[in-house]
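This report concerns only the one structure given below.
The values are calculated or read from the model by the stated rules, or taken from the named source; none is laboratory data. As the structure is a computational prediction, the values presented were derived from the model and not from experiment. Cβ sites come from the backbone with ideal geometry, for glycine too, and all protein chains shown count toward neighbours. Note: areas computed on protein heavy atoms with side chains; ligands, DNA, RNA excluded. Shrake-Rupley method; radii C 1.70, N 1.55, O 1.52, S 1.80 Å.
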Amino acid sequence: MAEILAADDPKAMPRAAHVLRGGGLVAFPTDTVYGVGCLAGDAQAIRKLFEVKGRGRDKAIAILLADPSDWMLVAQTIPESAALLARRFWPGALTLIVPRREDLPAILGPNPTVGVRIPDYALARDLVRAAGPLAVTSANRSGGLNPKTAADVEDEIGSGVELILDGGLPPGGEPSTVVDCTMEPPVWLRGGPISLADLRSVVPVRGPSSPR
C-alpha cells in the first residue's frame, strides 16, 4: 500500500518531490478533489498513471502549473481567449485546453493539445514548484466516485501509488470546468464550479448546444 504522510508534515513536500523525480505517483488534495500525478515530462510515469487509473488512452490527462509564467513550459501557443480566461479565473477550478508543446510526451493524449490549470490550493502549487509541472487526474479508478479524502484515495488506488499526502477535505469537491481554447470562440466541454455564464462574462464561449 501507499505511504501516507500528513500534508503539513515537514517531510511531506521533500518526500513527494523525491518520489515524483524518481518516476513515482503521488496523490494529493487540490482545490477541487484529490488528484494523482507524476512529472508531465515522464512518459513512463504517465503510462503507469493510465494503468493505475484504468483509464483509456483516448482520454487526455491535464497538467497542473504553479504560476502563470509557467504557461510556455507546456503550451505551444497561448490563444487570446485562454489568456483572458486564465487572467480572470486562475488560480481556480478552470482547465483550459491549448496547443501542446511538441516535446511533451505524446501519451498525455490523442490530440496535439493539453489541458492546463493552476489550482487555487497552496499545497498543490508548492508541489508543482518543488517538482515541476505535473500530469494530474482525479485519484480514483476511472468511473469511480470523486475522491474527497485520503482514505478514498487509498481505497481506490492505494496499491498503485507510492505516496498519498493527507490534507483533509478539499475545499471544492467538484472537478474543474473545462474549456477548449484551441477554437474561436472557445467551446465549453465540461461543467464545474465556474459556470458558463461566468465564462461568458469574459469571452464568448459556445455551450454544448450552441451553433458552430
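The accessible surface of the chain, taken with every protein chain in place and a 1.4 Å probe, is 51 percent carbon and sulfur.
Here the dipole of the range 95-212 is about 520 debye; that uses its Cα centre as origin and unit charges on the Cβ of Lys and Arg (positive) and Asp and Glu (negative). Look at where the Cα atoms of the range 104-138 and of the range 31-95 average out, and the two centres are 3 Å apart. Between the helical axis of 43-53 and the longest alpha-carbon principal axis of the chain there is an angle of about 80 degrees. In the full protein context, the chain carries 44 Å² of accessible surface per residue, based on a 1.4 Å probe and ignoring ligands, DNA and RNA.
Each Lys and Arg adds +1 at its Cβ and each Asp and Glu adds -1 at its Cβ; summed about the Cα centre, the chain shows a dipole of about 560 debye. Between the residues Pro112, Gln76, Ile46, the greatest Cα displacement towards the positive end of the dipole of the range 34-131, with unit charges on the Cβ of Lys, Arg, Asp and Glu, is found for Ile46.
One decimal place: the segment Ala130-Ala106 gains 6.2 nm when fully extended, by the rule 0.36 nm per residue minus the C-alpha distance.
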